[in-house]
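Just so you know, all these numbers are worked out from the coordinates, no wet-lab data involved. Computed from a predicted structure; not experimentally measured. Every residue, glycine among them, receives a Cβ derived from its backbone with ideal geometry; neighbour counts consider all protein chains shown.
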Amino acid sequence: MADIKTVGVLGCGLMGSGIAQVAAAAGYRTVVRDVSDELNARGRKKIEGSLAKFVEKGKLPADERDALLGRLTFTTSVGELKPCDVVIEAVTEDLDVKNELWTELDGLCGAHTIFASNTSSLTIAAMAAATKRADRFVGLHFFNPVPLMKLVEVVRTVTTSPATFDRAMAFAASLGKEPIAAKDNSGFIVNLLLVPYLLDAIRALEHGVGSVPDIDKGMVLGCGYPMGPFTLLDFVGLDTTHKIAEIMFGEYRDARYAPPPLLKRMVLAGMYGRKSGRGFYDYATTPPAVCDLGL
């Protein structure tokens, strides 16, 4: 986009590093901010690893990879995001943490700067209200892994201006993504439909409807899904799913979004899925073995 030249990314974790990678790949100067040099180094390593796979498969020339990395700047200072034309937040799903950052940035960035959150469950209006630019605030919800997933939900609040929404849609498209318009309800479109499905799979397991591998196989072969619900839960992270479910249940007070007891117990036990090595499957073996959950 002609009017967007510099992109800021708050957070350099799994989602933030992916967003930074696609922004830099689209030709934007990209400034990534996290709270420590160690976290920034981890994020850069994730990006380098992702790009190495593209180069190895012949999908990205080595010189383009080097140019992409040259467009990335990592910092621990929020102030370094001051000149950005759009700032995308991808920090922990904690409204207070997010709004502290938005309030600080609101006093730093120019009037033209669009603020966008990658939240998957909080409402955008709850963040826009912490700033004096509610008309220039949108949701840009990317999907994991960001470099491969084409979808971006562009979320418009009751205060987002038409011009801002149009800029956000065009910006998402400029990243090589397929943007879809979503209203500002908790979960937007995808998670509003996906989270109850994942939680229902856990409830079905609790009720003895089927085993972990049989429920997974049933949804893959019966519905044509690329992976079953338990494989997907382990991929997303059980702790992440639990947090999203709690936020959505708090918003809607609908039993469909209430975290099942088994999910709570697994999160308490540190069984987060792939990230911790164990969830519904044990990733210490190849192929992963089904974990004994005492059911």
_Separation between Cα centres of the stretch 105-134 and the stretch 168-206, rounded to whole Å_ = 20
*Net length gained if the chain between ASP166 and LYS132 were fully extended (0.36 nm per residue, minus Cα distance)*: 10.3 nm
*asked:* Of LEU199, PHE54, THR76, which is farthest towards the positive pole of the chain's charge dipole, taken about the Cα centre with +1 and -1 on the beta-carbons of Lys, Arg and Asp, Glu respectively?
replied: PHE54
*Assuming a ≥ b ≥ c are the square roots of the Cα gyration tensor eigenvalues, decide whether the stretch 169-295 counts as rounded (a/c under 1.5), prolate (otherwise, with a/b larger than b/c) or oblate.*
prolate
*222 nm [θ] for the chain, helices only, -39500 (n - 2.57) per DSSP H run of 4+, per residue, to 500?*
-13500 deg cm²/dmol
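Please identify the DSSP H helices in the chain that span no less than 15 Å along the helix axis (Cα) and have a mean Kyte-Doolittle hydropathy of -0.5 or more. Write down the numbers at each step before the final one.
Working: long enough: 14-25 (17 Å, 1.38); 37-56 (28 Å, -0.85); 95-106 (16 Å, -0.62); 162-174 (18 Å, 0.42); 190-206 (24 Å, 1.26); 212-223 (16 Å, 0.65); 238-252 (21 Å, -0.09).
Answer set is 14-25, 162-174, 190-206, 212-223, 238-252.
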*Relative to the Cα centre, what is the charge dipole magnitude of the chain, using +1 at the beta carbon of each Lys and Arg, -1 at the beta carbon of each Asp and Glu, and rounding to the nearest 20 debye?*
380
*Express as a percent, rounded to the nearest 5, the fraction of DSSP beta bridges in the stretch 44-189 (both residues included) that run antiparallel.*
25
*asked:* I want to check the label-to-label distance for ASP3 and ASP254. Put each point 7 Å from Cα in the C-beta direction and report it in nm to one decimal.
replied: 3.5
*How about the stretch 1-56: which trypsin sites (Lys or Arg not before Pro) there are in a DSSP loop, with at most 16 other Cβ atoms within 10 Å of their Cβ?*
LYS5
*Contour minus end-to-end for ALA284 and ASP94, with contour as 0.36 nm per residue of separation and end-to-end as the Cα-Cα distance?*
65.3 nm
